[in-house]
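Take a look at the structure below.
The values are calculated or read from the model by the stated rules, or taken from the named source; none is laboratory data. On a predicted model such as this, the values are computed, not experimentally measured, just so you know. Here the Cβ is made from the backbone with ideal geometry for all residues, glycine too, and neighbour counts use every protein chain on show. Calculation scope for accessible area: heavy atoms of the full protein, side chains included, ligands and nucleic acids excluded. Shrake-Rupley method; radii C 1.70, N 1.55, O 1.52, S 1.80 Å.
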Amino acid sequence: MVIVLGGGLSGLSAAYYLLKRFGKPAAIFESSNRLGGWIRTENHKDKGFIFESGPRTIRPRGVAGANTLEMIGDLQLPIEPIRSTHVAAKNRLIYAKGELCLLPNNLGGIFATRPPFSKPLYTALFHDLRASSKKIKYGDESIYSFVKRRFGSELADYAISPMICGICAGDAKEISVRFLMNDMFETEQQYGGVVKGFFLSKLKGRKEVGDANINSPGIFAEEMPSLYQQAVKERWSMYRLNDGIETLPKALEAYLRSKNIEINLYSECSKILFSDEGVRLKIRDTVVFAEHLISSMPSYRLAACVRDQHPGLAGQLLSIPYVNVAVVNLQYGADDLLQQRAFGFLVPPVERRPILGVIFDSCCFDMGENTVLTVMMGGKWFEEYFGPNPTKKDLLDIALKEVEDILGIFQEPRFSRVHILKKCIPQYNVGHKQIVEGIRRYIQRYKLALSVCGAAYDGVGINDVIMSARTNVEKLPFS
């Protein structure tokens, strides 16, 4: 039997693909009292709104996006799309230099000078053409350093840095360029410039920079999933599930239980031992045997389980850092409190504000006669702004003050919720790709009956962790 450690979205997906691919029985062991990991939806249908303390939308992009839509179609889950013409798809804001600034949302926007930028964005292309080439030692650098070298400091400070805050609550000066711009970085290293490399690669018939090229041979070489085809045809920018994102892990749980998959809660693993016969796991006070182990746990938790037998592997797992994030959900009893409708705004770290950004939930989806906001706080700067153990009241007070200062909303919310998510997002710092390759080489070298999947290794988004589970299941040596 295959055992899956961790009942978050990646672990549930691994069990799902084990059934789909091999018909294999599996058992899931989850240390907490619930499944779904950091995905949590709080439904207030009677009042017309929902709170999400984790991700709230999914993007239908690339192979990984198509893969998620295939799963959602198989589970027959209703979808609420946001099309490219929707205000939440078109309008993205950043708070900089004391004001909310609308980022360019069409081609014409890059030719105008708009705050917080001092020049039109198209001039960044000339910066790249003028910049000298530089071979980067060890094949990696921070995404901030790369963007500053190629396109200038304004784009690094006011475009890339807040985007990294929104994606992984991290510091762009530490996050690897390979996290988001791997193809662009490879092109620059090969051709000496991004713009030059783009045109030269096109002339040589090579893959375009940033092109997902999802019609290339792969898991959907024959035909794309029907939901993905619909998303392309209808130009979805993003989507959610009708009753919130937690609908997905709940549907996976129901599907797995219907197939008699064993799911165990309150079942923390404290030790893992590998042998030629398989794997022994100490779970609570019981020893459990497995033919193969799939770990979707955070890397630091897996490290604690293997350190006695494999300290070298544990050391590599521990070298992936995590950050804490506070999420403050706010509901106001009026639907006209926002002066500008948008997906929300992000705050560049250079502004030195104690929040990462605010999502305008009620602009994205119908929330009745309510204004619903989600304030994201902390990340890389959690302890710097809040100390090691802030109270929920402290965080709520800070969030409300920021909403007052930036959005001009002075009334008290009717309802609020504060979640402190400790060590919730792994950081893909410079060298992360090499760390993950080293972890998987170690597993292969010592022939461990172990696969690792999830946010620590293959991307932090919903599409990423589902695809990570599928990829690792399909590599298993089963017939």
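Considering only residues that are part of a strand (DSSP E or B) and aliphatic (A, V, I, L, M), look in the range 280-308 and name the one that is surrounded by the fewest Cβ atoms within 10 Å (Cβ to Cβ).
Kept after step one, since they are part of a strand (DSSP E or B), are these residues of the range 280-308: 280-283, 286-290, 292-295.
Next, only the ones that are aliphatic (A, V, I, L, M) stay: 281, 283, 287-288, 290, 293-294.
Working: 281: 20, 283: 20, 287: 10, 288: 18, 290: 21, 293: 24, 294: 29.
If we take residues in the range 280-308 being part of a strand (DSSP E or B) and aliphatic (A, V, I, L, M), then 287 is surrounded by the fewest Cβ atoms within 10 Å (Cβ to Cβ).
Based on what the data block shows, is residue 395 open to solvent by less than 20 Å² (accessible area, probe 1.4 Å) and under 25 Å from residue 328 (Cα atoms)? Lay out the reasoning, then the answer.
Details: open to solvent by less than 20 Å² (accessible area, probe 1.4 Å): yes; under 25 Å from residue 328 (Cα atoms): yes.
Criteria met by residue 395.
Does any residue in the range 12-36 that is within 18 Å of residue 472 (Cβ to Cβ) and open to solvent by 40 Å² or more (accessible area, probe 1.4 Å) come within less than 8 Å, Cβ to Cβ, of a residue that is of a type outside the set (A, V, I, L, M, F, W, C) and in a helix (DSSP H, G or I) six or more places away or on a different chain, and which pairs are these?
Note: pairs meeting the criteria are 21/474.
Restricting the search to the range 428-455, which residues are assigned to a loop (DSSP other than H, G, I, E, B), touching a residue at least 40 places away in the same chain (Cβ under 8 Å) and open to solvent by 10 Å² or more (accessible area, probe 1.4 Å)?
Residues of the range 428-455 that are assigned to a loop (DSSP other than H, G, I, E, B), as a first pass: 428, 430-431, 446-449, 453-454.
Then keep just the ones that are touching a residue at least 40 places away in the same chain (Cβ under 8 Å); that gives 428, 430-431, 446, 448-449, 453-454.
Hits for the range 428-455 are 428, 430, 431, 446, 448, 449.
Which of the residues that make up the range 369-380 are buried (at least 20 other Cβ atoms within 10 Å of the Cβ) and either of a type outside the set (Ser, Thr, Tyr) or assigned to a helix (DSSP H, G or I) (or both)?
Looking only at the range 369-380, we keep the residues that are buried (at least 20 other Cβ atoms within 10 Å of the Cβ), and these are 370-380.
Selection gives 370, 372, 373, 375, 376, 377, 378, 379, 380.
How about the range 456-469: which of its residues are open to solvent by less than 30 Å² (accessible area, probe 1.4 Å), out of contact with any Cys (no Cβ under 8 Å at 6 or more places or on another chain) and either in a helix (DSSP H, G or I) or of a type in the set (Ser, Thr, Tyr) (or both)?
456, 457, 462, 463, 466, listed by residue number.
Can you name the condition, by its number, that residue 386 falls short on among (1) open to solvent by 20 Å² or more (accessible area, probe 1.4 Å); (2) within 29 Å of residue 79 (Cα to Cα)?
(2)
Only residues that are surrounded by fewer than 14 Cβ atoms within 10 Å (Cβ to Cβ) and either small (Gly, Ala, Ser) or without any contact (Cβ under 8 Å) to a residue 12 or more places away in the chain (or both): list them for the range 233-266, please.
Across the range 233-266, the qualifying residues are 233, 254, 257, 258.
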